[in-house]
Amino acid sequence: MSNRPELPPEIARRRTFAIISHPDAGKTTLTEKFLLFGGAIQMAGQVRAKGEARRTRSDFMQMEKDRGISVSASAMSFDYKTFRYNLVDTPGHSDFSEDTYRTLTAVDAAIMVIDGAKGVESQTQKLFEVCRLRDLPILTFCNKMDRESRDVFEIIDEIQENLAIDVSPASWPIGIGRDFLGAYDMLNDRLELMDRADRNKVAESIKLEGLDDPKLEEHIPEDLLAKLREEVEMARELLPAFDRQSFLEGHMTPIWFGSAINSFGVKELMDGIGNYGPEPQPANAAERQIAPDEKKVQGFVFKVQANMDPKHRDRVAFVRLISGHFERGMKLMHVRSKKPMAISSPVLFLAADRELADEAWGGDIIGIPNHGQLRIGDALTEGEMLHITGIPSFAPELLQAVRATDPMKGKHLEKALMQFAEEGAAKVFKPMIGSGFIVGVVGALQFEVLASRIELEYGIPVRFEPSQFTSARWVLGNGDAKEKLINANKQHMATDNDGDPVFLTRLQWDIDRVVRDYPEVTLSATKELM
Ligand code: GDP
């Protein structure tokens, strides 16, 4: 099935997606099984290491130290049947919503994993809202059906109610908890049986002729079969049938019931994203839309990870390719600096190890090691000056002043802060009057992570202190009015790491005053990175 018949086959077979879930729902386990079936078994241990590292703060710091692990798990590619899957990891911590938002700009779909006993949890809801901002198609996996879970209709109702999306059952579970046997595949009329003895084995799959097929009686006890028939009949009456268009537009989510730890339902989910898509999607630039079937190679940076090796201050920029056939050694135009860049050692995230990429296609994620030239939002093209839109920077919600404990290290601190700002790990503002820096983040935990990283990676012990400001707004607009505003409010003004002016205050009243006094200028809580 193909929604863009003109796509080159190599691009049409790519599926680039993320997994969203509440902690503990089973994202790590599901990822492991994807890799297992995708032939990348060795990877499982690494994913696990990362999943568990996230659980406590000190372990989280350890993970941050151990950049290698988090990087190799940031993007993972694997093949299954005729498809190439690119799974982009969403940051594990609920604080990092801006990171998450940007990660989701690099994918075409998301898998939402929920725990069958818990339903839609807070973090799921938040991440779902971010997906909705981009109308991302969402496939739902209701996990842990081998445990006591809630009534299936109740779970579906909850998703429909809380997330305001149509839910269409792709499979229907047979039994629950200890009685869980498997599922009826409603899209393909098959019986899928779970193998409890071998957790890594793909379930047995039996082709059926509808729910009256006598084969069902051989495998399912009478009472469970009667219940299955009754429930599926009700489901067909009460719930919408799967509509691919509605799914691709983000209005409907198909739901599979399974058990990741038992490898059950995983294969069907992979088939689902493979068969129903979406294929690599277009991206928006200020100048025009960029389509995946364009011949030329075009892509954008959605994430930067610095200091993977603290001895060398190099970084990896994660690039989502939008179109074209990329080959190693290619020269691409770095649009922001207007300079060509030879991409000589791009990295693909295949299987267990990072590998040098000889080629990649629209839809793929490649890593490009660099010394800081590549920043989030940057476009790479074959010469055309395109500026990618829709990758915003959000005003931070918490501000603190930062100071090196050793005043002699001020200059070094500036360099470290600028690198973190470019990586997107924090906002850094330099006040126009006075010295020092104001750091802005979304969640309080980020201050601690930053302090620990600045000390670890740069050897500079720092102190965060309360700041006199609580809000930051970018000053947008041209010409005289902007200059006037800046000159009349110097004590409120700072510059961000790009040198753009930012208005800092602790009073909404101040913001209202400026908006009233300078109608030609906008105070914005977001800034487009491009
Ligand atoms: P994450 O926090 O979303 O990455 O969740 P994990 O994949 O680490 O899983 C959380 C816990 O649930 C782990 O102890 C898993 O072994 C367990 N788990 C995952 N999938 C299943 C499942 O299908 N059934 C049961 N019973 N436990 C599961």
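The values are calculated or read from the model by the stated rules, or taken from the named source; none is laboratory data. In this text, all values refer to a predicted model and were calculated from it rather than measured experimentally. Positions of Cβ are backbone-derived with ideal geometry, glycine not excepted, and every protein chain shown enters the neighbour counts.
Residues are listed down the side, and each one gets a yes or a no for (1) within 15 Å of the ligand (Cβ to nearest atom); (2) out of contact with any strand residue (DSSP E or B) (no Cβ under 8 Å at 6 or more places or on another chain); (3) modelled with pLDDT of 90 or more:
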| site | (1), (2), (3) |
| --- | --- |
| Arg4 | no, yes, no |
| Arg14 | no, no, yes |
| Ile19 | yes, no, yes |
| Glu32 | yes, yes, no |
| Leu36 | yes, yes, no |
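Taken together, the residues in the stretch 127-142 that are within 15 Å of the ligand (Cβ to nearest atom) and outside any helix (DSSP H, G or I) amount to 3.
Those helices (runs of 4 or more DSSP H) of the stretch 169-278 in which 1 or more residues are under 28 Å from the mean Cα position of the chain (by Cα) occupy 244-248, 266-276.
Cβ-Cβ distances below 8 Å connect the following pairs, each with a first residue in the stretch 250-262 that is closer than 11 Å to Lys144 by Cα, a second residue that is aromatic (Phe, Trp, Tyr) and within 12 Å of the ligand (Cβ to nearest atom), and a separation of six or more residues or different chains: Gly258/Phe141; Gly258/Phe264; Ser259/Phe180; Ala260/Phe141. Which members of the stretch 268-305 meet the condition of being surrounded by fewer than 18 Cβ atoms within 10 Å (Cβ to Cβ) and of a type in the set (A, V, I, L, M, F, W, C)? Matches in the stretch 268-305: Ala286, Ala291.
In the stretch 435-464, the residue that is nearest to the chain's Cα centre (by Cα) out of those that are among the polar types (S, T, N, Q) and assigned to a helix (DSSP H, G or I) is Gln446.
Consider the stretch 496-510 and keep the residues that are touching a residue at least 24 places away in the same chain (Cβ under 8 Å) and surrounded by 16 or more Cβ atoms within 10 Å (Cβ to Cβ). The one that is farthest from the chain's Cα centre (by Cα) is Thr505. Among the residues of the stretch 391-434, those that are of a type in the set (A, V, I, L, M, F, W, C), more than 30 Å from the chain's Cα centre (by Cα) and in a loop (DSSP other than H, G, I, E, B) comprise Met432, Ile433. Annotation for the stretch 104-126: no member residue is modelled with pLDDT under 90, away from the ligand (no atom under 16 Å from the Cβ) and surrounded by fewer than 21 Cβ atoms within 10 Å (Cβ to Cβ). Here Asp271 qualifies as at pLDDT 95 or above, away from the ligand (no atom under 16 Å from the Cβ) and closer than 20 Å to Thr29 by Cβ.
Scanning the stretch 484-509 for residues that are aliphatic (A, V, I, L, M), within 19 Å of Lys527 (Cα to Cα) and in a helix (DSSP H, G or I) gives Leu485, Ile486. Scanning the stretch 175-204 for residues that are hydroxyl-bearing (Ser, Thr, Tyr) and more than 15 Å from Pro221 (Cα to Cα) yields a count of 0. For the stretch 454-483, filtered to residues that are modelled with pLDDT under 90 and touching a strand residue (DSSP E or B) at 6+ places or on another chain (Cβ under 9 Å), the residue that is farthest from Ser524 (Cα to Cα) is Glu457. Across the stretch 143-151, not a single residue is classified as away from the ligand (no atom under 11 Å from the Cβ), under 30 Å from Asp179 (Cβ atoms), in contact (Cβ under 8 Å) with a residue 24 or more places away in the chain and not in a loop (DSSP other than H, G, I, E, B). The residues of the stretch 258-288 that are of a type in the set (Ser, Thr, Tyr) and under 26 Å from Gln298 (Cα atoms) amount to a single one, Tyr276. Filtering the stretch 126-143 to residues that are hydrophobic (A, V, I, L, M, F, W, C) and closer than 14 Å to Ser21 by Cβ leaves Leu127, Phe128, Val130, Cys131, Ile138, Leu139, Phe141, Cys142.
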